[in-house]
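The block underneath contains the structure these notes are about, expressed in C-alpha cells.
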Amino acid sequence: MTTFALLDLMIRGGSLSLLALWMLDLLRDHRAQLAARGGTVGIEYMDAPVSGGVAGAQRGTLAVMAAGSADGFARVKPLLERFAKTVFHVGPAGTGSLAKLVNNQIFLCTSVLIQEGFVLAAKAGMDANALKQILDVSSAGIFTRKAGFMLSRDFDQALFKLAIAQKDVGVALASAAALGVDMPATIAAHTVYAAASRGGLATISFLRR
C-alpha cells in the first residue's frame, strides 16, 4: 500500500483530530503533496525520519528529526521519546526528511573521498592502518570513523546495502534539483555508487555495527 493510499484511508475515516506521522524518506514533492492532501480535511501531516541505524536502535540512541506544527510536535514527542534518545523539532512539515537527506548526503559523499584516499595511499605503498592512525589524530579524523570497517573488508553483514547508499544520494540530488541547487560533488559521488551497483556490488554491506 502506498503512502497516499494510507492517507486516503485516514481521510475516509473522517476524524479531524488525526495526525499522520511519516518516518521514512520521501521526495520533497511527495512531502508537500501529503501535507496538502491531509490539510484539506484537517489531518495534520508530520515527517519524522530516524537516524542511528540498527546499532542505534539496539543501544537506544536513535535520533528523530520531527517536522510539523508546534502543537503536532507536542502531541508526538512523548511517543518518539519512548524509542529515541534525541528528538529534534526541525521546523515545518518536510524539513525533517530534508535534514535526514542532508545528513546522509554528507556522510555518503565523504565516504567516497575516504575510500579514494586509502586507495591512493595503498598504491603508494603506505600501510593503511598506519594511515588511519595518522588521520584519527589529524584534521581528517572527523570523517574517518568508519575507515576501520573499510579496511577490514568485512562486507557480509548487509545492514546498510550499497544500493541504499545510491538511493539516498539520488534522493538528495532530486531534492536539490527541485530547489534549484547545484551539487557537483554529490553528483560525482552518486556516479561512483551507481557504477559500483552496476558492477554487481549493490547488495554488499556498506556499513556494519
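Which count do you get for residues in region 83-102 that are among the hydrophobic types (A, V, I, L, M, F, W, C), modelled with pLDDT under 90 and either more than 27 Å from V192 (Cα to Cα) or not in a helix (DSSP H, G or I) (or both)?
1
Go through K132, K100 for me and flag whichever is out of contact with any strand residue (DSSP E or B) (no Cβ under 7 Å at 6 or more places or on another chain) and basic (K, R).
K132
Pick from A163, A158, A172, A176: which is more than 16 Å from N103 (Cβ to Cβ), at pLDDT 65 or above, out of contact with any Lys or Arg (no Cβ under 7 Å at 6 or more places or on another chain) and of a type outside the set (D, E, K, R)?
None of the others qualify; the one that does is A163.
Looking only at region 103-133, filter to residues that are loosely packed, with under 14 Cβ neighbours inside 10 Å and charged (D, E, K, R); which one of those is farthest from V192 (Cα to Cα)?
This residue is D127.
Among the listed residues L80, L16, L21, L34, which satisfies the condition of being modelled with pLDDT under 85 and either farther than 25 Å from S175 by Cα or aromatic (F, W, Y) (or both)?
L16
Do the conditions hold for I142, that is, is it β-branched (V, I, T) and at pLDDT 80 or above?
no
The values are calculated or read from the model by the stated rules, or taken from the named source; none is laboratory data. The model shown is predicted, which means the values in this text are computed figures rather than measured ones. Glycine gets a Cβ as well: all are built from the backbone with ideal geometry, and neighbour counts include every protein chain shown.
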